[in-house]
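The values are calculated or read from the model by the stated rules, or taken from the named source; none is laboratory data. Since we're looking at a predicted model, the values are computed, not measured. Positions of Cβ are generated from backbone atoms using ideal geometry, with glycine treated the same way; all protein chains shown enter the neighbour counts.
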Amino acid sequence: MILKGTPAIKGRAAGKILVLGKRKKRRKKRLTLPELRQEVEKYSEYLKKISVDVGAGSIYRVYEAILHDPQLWEKVESLISEGEKNALRAFVRVIEDYADELSGSEHEKFRNLGFELRIWLRDFENFVEGHHSEILENSTGRIVVGYELNIMDVFRIIKYGVSGVVLERGSLTSHPILMLKSRGIPTLIRVRDAVSKARRYRYAYLDAMEGFVEFSRRPLRIQVNEEKKTIHLLTNGGRVRMADGEEVTLQINVDIPEELEDFKGLGVGLFRTEYLYLMGVVSRDDQEYVYRKLSESVYPNVLTIRLFDLGGEKAPLGMDIPSHVRGIRYLLEYNRKLLEDQIEAINRASVRGNIRVLIPMVSTVEEVLEVRRLLKADIPLGIMIETPAAALIADRFKKFASFFSVGTNDLSQYVMAIDRKVSDYRFHPAIFRLVWYSFDKFRYQKERYSVCGDLAASHMGLLALLSLGIRVFSVPPAYIPDAVELIEKMDGETLNRVFRHIMVAYSEKDVEGILFHVLREKGIVEGDVSGRKVEMSTDLYESLKPSVEDAGNS
């Protein structure tokens, strides 16, 4: 029995199946307010202990902040004063209201947190009622199959050595998936009917590289390749050589500090600080502690801290912000104190000299000058190229910014006039032309220009960006092994061929065609890519040939 799904964390694993049953709703245990507070304290201690065991302190603080939020308890007490006799039921209602509010946000990460709160709430209720998780010490080497995971499930998966995860639901940017990603546990999500099908079998082979899971009644005699391709990166700052000797530098994107655990030899090309905001880490002292600790952890490599990217569809709850205001514009015009506190925390934390600052959603030189005025002179300042304005006048920013990093998601959205949740048009030739137009201003200073967007975390996207001449990339930790494999198989002649084809392409299909053709030629992929049949027809290939030389001269 073979089922297909979406790879969330690439890798392969095989083992016995552990099916997580659907969490049933039970009649809530009746608690008084003092009894509820006692249960919350017990659960908080339990949560703290297991999170420390797996090195997930920052995630623990999110839930700790919720459990001890004074406003939460005021609302619980208010419901009790209005006649609710069961304090546990009042607590559940308040948390569900929080989850509903978060789920209504247009920003994916806030919606994910709302989804996680509902799942976590069931874990808390199970704890109060004395019911324990099915993920126990004898789960070592198992393939967990379930509907979804809460953060406590993930803590247990890490602690007890689960080999792989298959889920019917899930989001690529949720807390549970990010935690699994930080440990490199192969994970497949959005696998239809996985739970009901898995109950009929005993063993599973999970291939989160090709996007499928195979269930069997007998042990699957499949060799799982556990080779690690990142070991040599830990000693040379992430530099990888292409087949012809040219160097490419790899860094990692980080949402939570725990993602650094297995990649301490690499620089951080993007530390998204929005999660600190969600965790309530906004004071100067708290931020300084986090930044200083991260700086020490990655030293002597670079730590790139992106300023809070809030506003627009990322508007924090309870803040009335015009939909068109986002990123640095929001910080400068609507929350200057938050900006000043963050920059002051960075100024204090910059002791080792390896911190640099990245400004989100830049569109004017004046925005850069204002941040530069607040930041210590010896801290490098860079800008995100994620608006067409920044891409078109990148040369004008060179005098005021030390480095540049392309955010491909937002840039694609604004170039193509589409919703950022839509994945279509990622390979439209217009996007690559605009990126190349901005990068071309740095052809003799390649180290100043990088890509940190999601496009670089896929074989086709990385190949296309390499062909433009870009040699610095920041990607999710889980993609590092694949990026190394691809880079080491590339050479200048191949990349020039890809570049020329992209520059004369008429459509996204044309671009995907040449990328897939080269990836298959180099033995990096076989058959379909991401479940899509992408073929380059002979007619198309031949029609491009006369234009190749012209493209190279353009």
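Right, ASN335: touching a strand residue (DSSP E or B) at 6+ places or on another chain (Cβ under 9 Å), among the polar types (S, T, N, Q) and at pLDDT 95 or above or not? Full working, then the answer.
Details: touching a strand residue (DSSP E or B) at 6+ places or on another chain (Cβ under 9 Å): yes; among the polar types (S, T, N, Q): yes; at pLDDT 95 or above: no.
In short, no.
Is it the case that SER458 is crowded, with 22+ Cβ neighbours inside 10 Å and of a type outside the set (Phe, Trp, Tyr)?
So SER458 does not fit the description; no.
Based on what the data block shows, is LYS446 under 17 Å from ARG241 (Cα atoms), surrounded by fewer than 23 Cβ atoms within 10 Å (Cβ to Cβ), among the basic types (Lys, Arg) and more than 24 Å from the chain's Cα centre (by Cα)?
yes
For LEU392, are the conditions met, namely being farther than 22 Å from MET490 by Cα and not assigned by TED's automatic domain parsing to the domain that holds THR6? Before you say what the answer is, go through the steps one by one.
Details: farther than 22 Å from MET490 by Cα: yes; not assigned by TED's automatic domain parsing to the domain that holds THR6: yes.
Yes; evaluated as a whole, the condition is true for this residue.
Within the stretch 126-150, take every residue that is assigned to a loop (DSSP other than H, G, I, E, B) and hydrophobic (A, V, I, L, M, F, W, C) and give me the one that is modelled with the lowest pLDDT.
LEU136
Look at the stretch 445-484 and say how many of its residues are farther than 23 Å from VAL302 by Cα and in a helix (DSSP H, G or I).
6
Answer with yes or no whether LYS398 is of a type in the set (Lys, Arg), touching a strand residue (DSSP E or B) at 6+ places or on another chain (Cβ under 8 Å) and outside the structural domain of GLY513 (by TED's automatic domain parsing).
No: the conditions fail for LYS398.
Does SER103 fit the bill of being at pLDDT below 80 and either within 19 Å of LEU36 (Cβ to Cβ) or in contact with a Gly (Cβ under 9 Å, 6 or more places away or on another chain) (or both)?
Judged against the criteria, SER103 is a match.
Looking only at the stretch 64-93, how many residues end up being in a helix (DSSP H, G or I) and without any contact (Cβ under 8 Å) to a residue 60 or more places away in the chain?
19
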